[in-house]
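Shown next, in structure tokens, is the structure this report addresses.
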């Protein structure tokens, strides 16, 4: 059994919780399967050059108590970094990202697609002064 993760934009925690409570999670979002906050932190490290462990020292902000379902705010630093990432940088970052233990065996083309899709949501969150969230389920 795999994970289901959906990334989506909401104005605040209350709105995010409302969207996440729908059966199957938010209707409009980016589905990513097994990509959770751990993989996002490796992505942030690849984009910014900040050490992965330094990023992990700061806990991810969950909304509510995670169990079989969870909701967390994507780190604002990742949202900012993605929102300004150009295509050439996305390609370079994807090559680094798939070399991490967390993405071992993943294809760079798949990583680039996810990065550019997530970048779209990050840019939308930035433009609308909103936040990027991840809703997940087992």
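Results, tabulated for the structure shown:
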read-out: Residue satisfying condition, being farther than 21 Å from residue 9 by Cβ, touching a residue at least 12 places away in the same chain (Cβ under 8 Å) and touching a helix residue (DSSP H, G or I) at 6+ places or on another chain (Cβ under 7 Å), within set 119, 56; value: 56
read-out: Subset tally (residues that are buried (at least 17 other Cβ atoms within 10 Å of the Cβ), part of a loop (DSSP other than H, G, I, E, B) and modelled with pLDDT under 95) for the range 100-132; value: 2
read-out: Test: residue in the range 16-23 that is farther than 14 Å from residue 137 by Cα, assigned to a loop (DSSP other than H, G, I, E, B), without any contact (Cβ under 8 Å) to a residue 12 or more places away in the chain and over 11 Å from the mean Cα position of the chain (by Cα); value: no
read-out: The range 5-34, residues that are buried (at least 21 other Cβ atoms within 10 Å of the Cβ) and in contact with a helix residue (DSSP H, G or I) (Cβ under 7 Å, 6 or more places away or on another chain); value: 7, 8, 9, 10, 26
read-out: In the range 36-49, residue modelled with the highest pLDDT [restricted to those that are out of contact with any helix residue (DSSP H, G or I) (no Cβ under 7 Å at 6 or more places or on another chain) and on the phi < 0 side of the Ramachandran plot]; value: 37
read-out: The range 24-34, subset assigned to a loop (DSSP other than H, G, I, E, B) and within 21 Å of residue 138 (Cβ to Cβ), residue modelled with the lowest pLDDT; value: 24
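Rundown of residues vs (1) more than 20 Å from residue 74 (Cβ to Cβ); (2) touching a helix residue (DSSP H, G or I) at 6+ places or on another chain (Cβ under 6 Å), yes/no style:
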{"position": "87", "(1), (2)": "yes, no"}
{"position": "95", "(1), (2)": "yes, yes"}
{"position": "105", "(1), (2)": "yes, no"}
{"position": "109", "(1), (2)": "yes, no"}
{"position": "112", "(1), (2)": "no, yes"}
{"position": "128", "(1), (2)": "no, no"}
{"position": "132", "(1), (2)": "no, yes"}
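The values are calculated or read from the model by the stated rules, or taken from the named source; none is laboratory data. Here the structure is a predicted model, which is why all the values come from computation and not from measurement. Cβ sites come from the backbone with ideal geometry, for glycine too, and all protein chains shown count toward neighbours.
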